[in-house]
Amino acid sequence: MSGLLEVSNLGRNFGGVRALHDVDLIVSPGEVVGIMGANGAGKTTLFALIAGNLQPSAGEIRLDGSSIVGLSPDRICRRGVGRTFQTARPFSDLTVSENVITAARFGTRRLEARAASQRASQLLEIVGLGARGDQLAGDLTLSGQKRLEVARAVATGARLLLLDEVMAGLTPAEVSQMLDVVQTLKQENALTVLIIEHVMRALMRISDRILVLHHGERIALNVPAEIAKDQRVLDCYLGSQS
Ligand SMILES: Nc1ncnc2c1ncn2[C@@H]1O[C@H](COP(=O)(O)OP(=O)(O)OP(=O)(O)O)[C@@H](O)[C@H]1O
Ligand SMILES: [Mg+2]
């Protein structure tokens with residue numbers, strides 16, 4: 001199988017902590033892969049390694065067949081990897097629009113000012129922030145900041161979108177809206193998506209396959225229906241949720 005993203009034997013230690021160990025994952029173009037696991041399972045570390053915010057202790061990460069290990073986060077972004085952060089990190093003193101325009105100008109396509117502005121308006125409309133463009137990003141609600149994170153990541157021109165708990169803290173109605181937003185963005189931009197989420201119902205609905213991490217190791221990778229009845233997953237993760 002040829003993957004847009006190929007992760008092999010990936011590992012990362014922090015001192016004595018084995019945050020990620022020997023993880024393999026091949027993601028095909030257009031696929032949505034959900035990532036689940038208890039707190040501290042290594043989910044965000046996986047994203048940080050793919051996006052170049054952290055360097056691996058072991059293993060390989062390939063995008064379109066070429067290694068991206070050792071490249072800076074901005075180079076990896078320009079290769080087409082966009083990520084959101086678990087704790088939203090907008091430029092608080094810029095407006096909502098300016099945040100997205102900045103991403104469009106410095107991403108893969110380096111759009112000129114007018115095109116970047118048009119792209120920002122279009123994306124803000126899709127994520128439901130169409131009326132908030134002139135507001136300071138720092139004044140957005142949690143739900144608004146999560147939407148802005150998603151718009152910014154897509155505005156970079158990403159082909160591979162890494163979403164880290166964009167539904168955490170949202171109401172059920174907002175979760176539903178966010179699922180629709182991700183699906184719309186995926187279809188309109190031919191995106192491949194990795195999505196970390198604790199909201200199981202949402203993850204089951206949106207994912208083609210789900211990767212389950214436990215203490216930094218891959219304990220399952222399968223379609224949602226199989227994950228839901230995987231005994232090891234039930235014992236290690238789902239059991240601990242009740
Ligand atoms: N920069 C860091 N320095 C030291 N230890 C870290 C660092 N980042 C992560 N860790 C540790 O690595 C392990 C995995 O953390 P990670 O943030 O990847 O987990 P997670 O699955 O995203 O958890 P959560 O669901 O709470 O977000 C944890 O034990 C964490 O304490
Ligand atoms: Mg995390």
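Taking θ as phi - 60° and the Karplus parameters 6.51, -1.76 and 1.60, the scalar couplings of region 59-64 work out to x, 9, 10, 10, 10, 6 Hz in sequence order, x denoting glycine and proline. Largest GNM mean-square fluctuation among Gly30, Gly169, Gly11, using the chain with Cα springs under 10 Å: Gly169.
Calculated accessible area for the chain comes out at 44 Å² per residue, all protein chains present (probe 1.4 Å; ligands, DNA, RNA ignored).
Take the Cβ-Cβ distance between Ala228 and Arg109 as r, set R0 to 45 Å, and report the resulting FRET efficiency rounded to the nearest 0.05.
It comes to 0.70.
For the residues Arg109, Arg83, Arg209, a GNM of the chain with alpha-carbon springs under 10 Å puts the largest fluctuation on Arg109. Along region 53-58 the Karplus relation, 6.51 cos²θ - 1.76 cosθ + 1.60 evaluated at θ = phi - 60°, assigns HN-Hα couplings of 6, 10, 9, x, 7, 7 Hz to successive residues, with x for each Gly and Pro. Apply the a/c threshold of 1.5 to the C-alpha gyration tensor of region 62-218 and tell me whether it is rounded, prolate or oblate. The shape class here is oblate. Carbon and sulfur: what percent of the chain's accessible surface (1.4 Å probe)? Here carbon and sulfur together make up 48 percent of the probe-accessible area. Note that region 186-193 has calculated 3J(HN,Hα) couplings of 4, 5, 6, 10, 6, 8, 10, 10 Hz, one per residue in order, obtained from phi through the Karplus relation 6.51 cos²θ - 1.76 cosθ + 1.60 (θ = phi - 60°); glycine and proline are x. Output the antiparallel fraction of DSSP beta bridges having both residues in region 5-241, as a percent to the nearest 5. Here the antiparallel bridges make up roughly 55 percent for region 5-241.
For region 95-242, a simple Cβ point-charge model (Lys and Arg +1, Asp and Glu -1, everything else neutral) yields a dipole of about 400 debye relative to the Cα centre. Once you reduce region 220-234 and region 1-80 to the center of their Cα atoms, the two points are 21 Å from each other.
The values are calculated or read from the model by the stated rules, or taken from the named source; none is laboratory data. These numbers come from a predicted model, not from an experiment. For neighbour counting, all protein chains shown are included, and Cβ atoms are generated from backbone atoms with ideal geometry for every residue, glycine included. Just so you know, the surface numbers come from the protein's heavy atoms only, side chains and all, with ligands and any DNA or RNA stripped out. Shrake-Rupley method; radii C 1.70, N 1.55, O 1.52, S 1.80 Å.
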